[in-house]
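A.B. asks: Mind looking over this structure? Questions follow.
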Amino acid sequence: MIKKVIVIGYQPLTDKVVKDFYFSILNDNGFQVEYWDLSMIYFPNVLHDRVVDKRIIKISDKNELVLKLDACQIKECFFVLHITYEYRVLDLFRLLTKYDCTISFFARGALPVSNRESTWVEKILKTLNLRTLAGFFKNKYAGLLKRIGYIKPYDIVFSAGNFGYLTVGIAADIEKQQSKIIAINSHDYDTALENLSETPIIEGKFCLFLDEYLPLHPDFKLLGIKSVDADEYYATLNRFFDVIEEKYQLQIVIAAHPKAEMYKSKNPFNGRKVVFGKTSQLTRDCEFVLAHISTSQSFAVLNKKPVITLTTEAIKKVMPQYDHFIAHFSVKLNSSFINIDHYSSSDVKIDKVDEQIYNAYLYDYLTSAESERTRTSEIFMKILKEYHGG
């Protein structure tokens, strides 16, 4: 019988994680909740605490992690990993395997991924990049260890849509074959259901830009990913926004990325309205959406809103793989695709929504026939109350 839910993450706890993993609902249903913060193990002296919560258990090294597992009544604990499987966390998953922990993963936020083969030039460049090459082989090794049983696959994968399981990490096909897959909804799907009756936030006609905090996103720095220059990026966006506002006689509103701390003290969008935490309502009420590859485009799908997909010369040059993902996402939604450094006003057009494509996206990435009428929190509670292992 499950008595305690332990969420394990390698970043400090945030209010979003508390909400996304239903801490309050779990407590209300009689479950103890702990958050094991492993940031000192994987990113020492890089990340800082965001919230104060008595449910946080700070673990500073792997010996301390072993002691915590020794102290657990393992059969009464249900572990939720807020960490994707890769070589970096191999030791953690090996420990969970050795202790035969019941482990689960919320597979939400999958995005369309192209199966495009690398060109011969890209393959050579990858070979010349020793860091990339080392990472590639390390992750191949991590996948092999899962395939031979040295690392156990998740017992349960809570999957949003047909392809949600892909977000579990390396060798996700093993989970598809061996794990118990429970159909759930994406965050955005559940949020949209909750916000159907919310009153409008913006008066008048507006277009919504789904911000990704692209030049300054902390995860890029954390993972060593080079991003675009901030001044150049925002200047390019604002020039394009001027054109859109003039052509369609409306205002552009910015749906801020939740980690965009800089926006709270400085507005890089030439004074345009920046709104945090209201993307669902804003998308519902806007005329159309501008975006790169934000998962929040799911709100556009849910509300049948046209999307114009944007890239820039800087993104193409500095982040070519990211640019490829943006282009592929545009194909997946059959949206207009514009390089906002090279276009004419006639290139800017709002295509009619292809409902067949949007519905396919809905069931591939956001929900399923089994879960679309039930909130994810209810599905999670039901599983916990009925779970007896195996």
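A.B. asks: Name the long-range amide H neighbours of residue 57: under 5 Å, sequence gap of 5 or more, or other chain; modelled H, no Pro or chain starts.
C.D. replies: Under 5 Å from the amide H of residue 57: 35, 36, 37.
A.B. asks: Once you put a point 7 Å from the Cα of residue 373 and another 7 Å from the Cα of residue 230, both along the Cβ direction, what distance in nm separates them?
C.D. replies: For residue 373 paired with residue 230, the spin-label model returns 4.9 nm.
A.B. asks: Would you list the P(r) distribution for the chain, with all Cα-Cα distances sorted into 10 Å bins from 0 and each bin expressed as a whole %?
C.D. replies: Answer for the chain: a P(r) of 4, 20, 31, 27, 14, 3, 0 percent.
A.B. asks: State the percent of C-alpha pairs, over all pairs in the stretch 277-390, separated by a distance greater than 19 angstrom.
C.D. replies: Values: 3583 of 6441 pairs.
Counting pairs separated by more than 19 Å, the tail of P(r) holds 56 percent.
A.B. asks: Given the pairs 4/382; 205/247; 19/146; 247/316; 205/278, which are separated by over 19 angstrom at their Cα positions?
C.D. replies: Values: 4/382 15 Å; 205/247 13 Å; 19/146 31 Å; 247/316 26 Å; 205/278 17 Å.
The pairs that break the limit, which is 19 Å between Cα atoms, are 19/146; 247/316.
A.B. asks: Toward the positive end of the charge dipole of the chain, about the Cα centre and with charges on Cβ (Lys, Arg +1; Asp, Glu -1), which of 139, 301, 222 goes farthest?
C.D. replies: 139
A.B. asks: Binning at 5 Å from 0, report for the stretch 1-102 what percent of all alpha-carbon pair distances ends up in each bin.
C.D. replies: Final binned percentages: 2, 12, 24, 26, 20, 12, 3, 0.
A.B. asks: How far apart, in nanometres, would the label points at residue 343 and residue 95 be if each is projected 7 angstrom from Cα along the Cα-to-Cβ direction?
C.D. replies: Placing both labels 7 Å beyond Cα along the Cβ direction yields 4.8 nm.
A.B. asks: When the label point is put 7 Å from the Cα of residue 259 along its Cα-to-beta-carbon vector, which residues of the stretch 188-228 have a backbone N closer than 16 Å?
C.D. replies: Those under the cut-off are 211-228.
A.B. asks: Residue 5's amide H: which non-local residues (gap 5+, or another chain) put their own amide H closer than 5 Å, with H modeled 1.01 Å from N in plane and none for Pro or chain starts?
C.D. replies: Placed amide hydrogens put 32, 33, 34, 78 under 5 Å from residue 5.
A.B. asks: Put a dot 7 Å past each Cα toward the Cβ at residue 16 and residue 45; how far apart are the dots in nm?
C.D. replies: 2.7
A.B. asks: Net charge around residue 178, counting only other residues with Cβ within less than 14 Å of its Cβ (Lys, Arg = +1; Asp, Glu = -1)? Each step should come with its number before you reach the end.
C.D. replies: On the way: positive: 146, 147, 152, 176, 180; negative: 155, 173, 175.
Net of charged neighbours comes to +2.
A.B. asks: Still on this structure: With +1 assigned to the C-beta of every Lys and Arg and -1 to the C-beta of every Asp and Glu, and no other charges, what is the dipole magnitude of the stretch 193-365 about the Cα centre in debye, to the nearest 20? Mind dumping the intermediate values first?
C.D. replies: Values: 19 positive and 23 negative charges, 31 e Å.
The calculated dipole for the stretch 193-365 is roughly 160 debye.
A.B. asks: For a footprinting-style exposure proxy, rank 373, 55 by other Cβ within 10 Å, fewest first.
C.D. replies: On the way: 373 9, 55 17.
Least crowded to most crowded, the residues run 373, 55.
A.B. asks: While we're looking at this one, here's another question. Based on the Cα gyration tensor of the stretch 193-365, what are the three equivalent ellipsoid semi-axes, each the root of five times an eigenvalue, rounded to whole Å and given largest first?
C.D. replies: Numbers: eigenvalues 101, 74, 63 Å².
Each semi-axis is √(5λ); the values are 22, 19, 18 Å.
A.B. asks: Taking the mean number of other Cβ atoms within 10 Å as a proxy for protection, how do you rank 366-372, 245-251 from highest to lowest?
C.D. replies: On the way: 366-372: 18.3, 245-251: 13.1.
Result, highest mean Cβ count within 10 Å first: 366-372, 245-251.
No lab work stands behind these numbers, since they all come straight from the coordinates. Given the structure is predicted, the values throughout are model-derived calculations rather than measurements. So basically every Cβ, Gly included, is an ideal-geometry build from the backbone, and we count neighbours across all protein chains shown.
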